[in-house]
Structures are given as C-alpha cells and as structure tokens.
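A.B. asks: Below is one structure. I have some questions about it.
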Amino acid sequence: MEQIRSLSQMVEEAKKLCASKGKKRISVAMAEDAGLIAAVEEARKAGLIEATLVGNADKVKACIAEAGAKEGDYTIIDEKSEAECGIVAVTEVSSKRADIYMKGQLHTDHFLRGMLNKEVGLRSGKVISHCYFHEIEGYGKILFISDAAFNTYPDLKQKADILQNTVNFARALGVECPKVACLAAVEVVNPNMPCTLDAEALALMNQRGEIGNCVVAGPLALDNAINEEAARIKKITSPVAGNADVLIVPNIDAGNMLAKSIVYFSKNETAGIIVGASAPVILTSRADSPRAKMLSIAAGVMMSHNS
C-alpha cells in the first residue's frame, strides 16, 4: 500500500480493505448521541463497519431516529448504567464478537476502566498510548503526534513503547519507514533538560535496533523537525529533520498544547486513536465533530485489518 497522505485517502483505502477482506464491527460504549450515531452511520454506509450500540436502549433508538438511521441496521444492547456500559462494550471486543472498542457519551474514566479491566479488557502487556493524526494544509502528508492525551509524564521506557506504538500505527497507514522526531525546546543535548537526554537515548535505541521499522532523530525542536529551511539554517543533517512523519512529545502538557494548536490555528482535519492495546480503541471527545469521529473509525478499521 502506498503512503496515505490525506485523511480522505485513508477513508478510501479503508473502503478497499473492507471490500476485499470484509467489514469490521465496532462496539460503542454508551451510544446515546445523534452526532455519534451519524458518524457510525456514515462509516456503515461507506462499507467499513457494522456496529453494536451499548446504552439505554430507548435513548439509543431515539438517537438512531434523530440521525436518520434505521434500528434494524444495528445490534443494540440495553445497559442503563454508565459505569457498566464500558464493561459490556469492551467484552464484545475481548470475546471477539466485535473488533474495535469505541467511546460514546460515557465519561472517559468509565471507558478506560473497561479497556483496562483485568478480566474482560484489552490489556496487551505493553504501554498503551494515544495518537493524534493530522492533515494540515501545506504539510503534504499526515502528521502523527504522541502522546498528547493518555500518558502524562512518561519515562524513557514508556516513551520507547509510545514511539513504537505510533510507528506501528503510521505503518498501518502506509508509511513504510516513518521518520520520527523526538521533540524538545532545543536541538542539542542539555543535562539540565531531561527530555533532551531521553530524545538522544531514543535515537540511540533506534540505531541499535531496539526500536524498529523507523528512523529516529532527537532532540529536535519543532521548527527543525517539520521545516526543511529551519533545519538547513541550523545545519542539522538528518533524514528526519524538516520532514518528520511522527512527533514524539516530552509530556502531555507539550503534546496537548501542540495538537490543539494545530486544530485551532491551522486549516486541518484531525482525529485520534488509542494504540498498543490488544484491539483498536477509539477515544474521541464528546465535543468532536461527526467527521472527526468518522475519521477515527476509519483509522480503527485500518489498524484492525493490519494487525
């Protein structure tokens, strides 16, 4: 598969995979929102998925009607307890009756409790992380940012797992050998700035083969990670400099501000997904647009087909 350079192209590639290999089934926890159902319906009509909707059945049915969809096209599981919606929905995935676990209107803590449940959850034995992926006007390809939403202040070992998770996801979207920039405020190692030491160590781990299927450079500042002219002026020679596919951020503060700056200060399309679990996990905000949710579903389908 060629490298996917836009989120619309990602949707088309997901359609091709499903046409040749079959649809995937998503299990939605607390599917009590018409905008969410609209995104699921769009994905269903595109031939990507079938869906199991968990939640208060009366509310779910009302949302299906509001979205202009049909009850008969969905499997509905009646569960009125928000705390139990995550457990019921994730059990559909861990029991192999569904392929993808998706957040609906329940609070994130209940959703994650389902994902991390020791009996029926989706633990993989690895660090689980979140990845934002952006199509930004003028950049020319999808930009992956991790971790800006799940792990707060990861140590070196956790960053290595986060990096590998993100690389695996990028490869599922056709980026054969992702160029990974480990970000800091500066592009030189400074012992007084621990994130620069971590970035240098991650690059060395990549050189030694401990982190595979990618090229890693760091520390790099944001400008010389994504802008070739900035890298040239600073005389940084690296296949990653100015041309990164993946940005690994030092902590959730930096990552969250970076991702939301892209969303609100640029012309873009953005979605997000949890990676590193034993199945794709779609963790979107309740405030996300139906389009963002649809794109996240398509990404989950791509991951599921390439796992």
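The values are calculated or read from the model by the stated rules, or taken from the named source; none is laboratory data. Keep in mind that this is a model prediction, so the values were computed, not measured. Here Cβ is always computed from backbone atoms with ideal geometry, including for glycine, and neighbour counts include all displayed protein chains. The accessibility values were calculated without ligands, DNA or RNA, using every heavy atom of the protein model including side chains. Shrake-Rupley method; radii C 1.70, N 1.55, O 1.52, S 1.80 Å.
A.B. asks: What number of residues in the range 129-160 are open to solvent by 10 Å² or more (accessible area, probe 1.4 Å) and within 11 Å of the chain's Cα centre (by Cα)?
C.D. replies: Residues that pass the stated criteria total 3.
A.B. asks: Quick check on the range 13-26. Is at least one of its residues more than 25 Å from Ser94 (Cα to Cα) and within 20 Å of the chain's Cα centre (by Cα)?
C.D. replies: Taking the range 13-26 as the starting set, the residues that turn out to be more than 25 Å from Ser94 (Cα to Cα) are 13, 16.
Still in the list and also within 20 Å of the chain's Cα centre (by Cα): 13.
Within the range 13-26, one or more residues are more than 25 Å from Ser94 (Cα to Cα) and within 20 Å of the chain's Cα centre (by Cα).
A.B. asks: Those residues that are surrounded by 18 or more Cβ atoms within 10 Å (Cβ to Cβ), among the small types (Gly, Ala, Ser), under 17 Å from Val60 (Cβ atoms) and out of contact with any Phe, Trp or Tyr (no Cβ under 8 Å at 6 or more places or on another chain), I need them from the range 81-120; list them, please.
C.D. replies: Ala98, Gly104
A.B. asks: Kindly list the number of the only condition in (1) part of a loop (DSSP other than H, G, I, E, B); (2) on the phi < 0 side of the Ramachandran plot that fails for Asn213.
C.D. replies: So Asn213 meets the others, but not (2).
A.B. asks: Quick one: what pairs do we get from the range 91-119, first residue among the hydroxyl-bearing types (Ser, Thr, Tyr), second assigned to a loop (DSSP other than H, G, I, E, B), C-beta under 6 Å, 6+ apart or different chains?
C.D. replies: Thr91/Val120; Ser94/Val120
A.B. asks: Just for the range 175-191: of the residues that are outside any loop (DSSP other than H, G, I, E, B) and either β-branched (Val, Ile, Thr) or in contact with a Pro (Cβ under 8 Å, 6 or more places away or on another chain) (or both), which one is most open to solvent (accessible area, probe 1.4 Å)?
C.D. replies: The first filter runs over the range 175-191 and keeps only residues outside any loop (DSSP other than H, G, I, E, B), leaving 179-183.
Now restrict to residues that are either β-branched (Val, Ile, Thr) or in contact with a Pro (Cβ under 8 Å, 6 or more places away or on another chain) (or both): 179-180, 182-183.
Working: Lys179: 56, Val180: 0, Cys182: 3, Leu183: 18 Å².
Within the range 175-191, the match that is most open to solvent (accessible area, probe 1.4 Å) is Lys179.
A.B. asks: Of all residues in the range 42-86, which are assigned to a loop (DSSP other than H, G, I, E, B), under 15 Å from Ser27 (Cα atoms) and either modelled with pLDDT under 95 or not acidic (Asp, Glu) (or both)?
C.D. replies: Taking the range 42-86 first, the residues assigned to a loop (DSSP other than H, G, I, E, B) are 46-48, 56, 67-70, 74, 79-81.
Retained after the next criterion (residues that are under 15 Å from Ser27 (Cα atoms)): 48, 56, 74, 79.
Correct list: Leu48, Asn56, Tyr74.
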